[in-house]
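Everything below concerns the one structure shown next.
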Amino acid sequence: MFEIDPGHIETAGRLDDRLQIEIEGLKASISKNGQRVPILVRPLEDDRYSLIYGRRRLEACRELGIKVRAIVTEMEGDQALRDQLLENQERRDLSFIERALVASALLEGDHLSPSERTNKGVAEVLNLTEAGVSQLLSVVRTVGEELVLAIGAAPGIGRPRWEELKKLIGTSEADRELLAALASEAKSAFPGGIDEKSDQAFLAALSAAGKPDNSESAPRPRGRPATVIPGVGAATVTTGRRGKQLKLELKAEDSDFVSWLEGNAPQLLTELHERWKRSED
């Protein structure tokens, strides 16, 4: 462990307002209790360093005018990719699988001291419970890091579906190399952005691992009785055979509500989709 002048540490990008607010809280904590969790840097030339993770703690120490406790590590091979994930954690919210890779990097790398390299130590750094860290590590170990990296961040895929893939791979002994190749192929074929490509890569791997079309192979009940919604009317919801289609039939008490719902349906569906994604994390 080293104590380094913050002025000798190079960072990428400027601070946004959210980070600045969090830094103010960290300054108060560090002033009172000291810097408990070190930052991670890699050495450059002329006694300078590049920040890997710990931007908030670095800036808090910089503003307090004190040296920052740091772990200095060399980056070799695929370790660079893991360290990049650690850096990303300081810039945006990570997806479930990115958090899992960060947990694995902290536990298996040399970023922490041997005594800190435990589920408890990792949990303290990532502000998680030990059980949460165990869950993250279990997914990475069963799915395999090669397949995880082939899929990517998959920000639209939450914990339950990763657990689903883990279970399928664990019980069927699926060929991870083949799944990784299929994931990469799905990324190349999909026309969306990088996040959408990654989500599609996950779905391709999930399907090939033995869960055809979200496992909705059995027909769903049709002709369900209408549900009476007080003040609204009667609604009937039916889903398609494979679970990819949903149909809503509404007999509303007020025709103006129907017109409003028709005009606002895209926005409402988008909001519901965001709520669903948050509930899966």
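Looking only at segment 181-195, which residues are surrounded by 13 or more Cβ atoms within 10 Å (Cβ to Cβ) and among the small types (Gly, Ala, Ser)?
First, the residues of segment 181-195 that are surrounded by 13 or more Cβ atoms within 10 Å (Cβ to Cβ): 181-187, 190, 195.
Passing the criteria: Ala181, Ala183, Ser184, Ala186.
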Legend entry - Residue that is modelled with the highest pLDDT, among those in segment 200-221 that are closer than 17 Å to Pro160 by Cβ and either out of contact with any helix residue (DSSP H, G or I) (no Cβ under 8 Å at 6 or more places or on another chain) or of a type in the set (S, T, N, Q) (or both): Ser207
Inset, instruction - Tell me, yes or no, whether segment 23-32 has at least one residue that is in contact with a Lys or Arg (Cβ under 7 Å, 6 or more places away or on another chain) and part of a loop (DSSP other than H, G, I, E, B). - result: no
Inset, instruction - Mind listing just one residue for me: the one in segment 249-269 that is surrounded by 10 or more Cβ atoms within 10 Å (Cβ to Cβ) and among the polar types (S, T, N, Q) and, of those, farthest from Gly156 (Cα to Cα)? - result: Ser259
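Do we have Gly263 as assigned to a helix (DSSP H, G or I) and either at pLDDT 75 or above or closer than 30 Å to Phe96 by Cα (or both) here?
Details: assigned to a helix (DSSP H, G or I): yes; either at pLDDT 75 or above or closer than 30 Å to Phe96 by Cα (or both): yes.
Answer is yes for this residue.
A quick yes/no check of all residues on (1) modelled with pLDDT of 85 or more; (2) of a type in the set (Val, Ile, Thr):
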| residue | (1), (2) |
| --- | --- |
| Phe96 | yes, no |
| Leu126 | no, no |
| Val148 | yes, yes |
| Thr171 | no, yes |
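The values are calculated or read from the model by the stated rules, or taken from the named source; none is laboratory data. Keep in mind that what you see is a predicted model, and the values were worked out from it rather than measured. Here the Cβ is made from the backbone with ideal geometry for all residues, glycine too, and neighbour counts use every protein chain on show.
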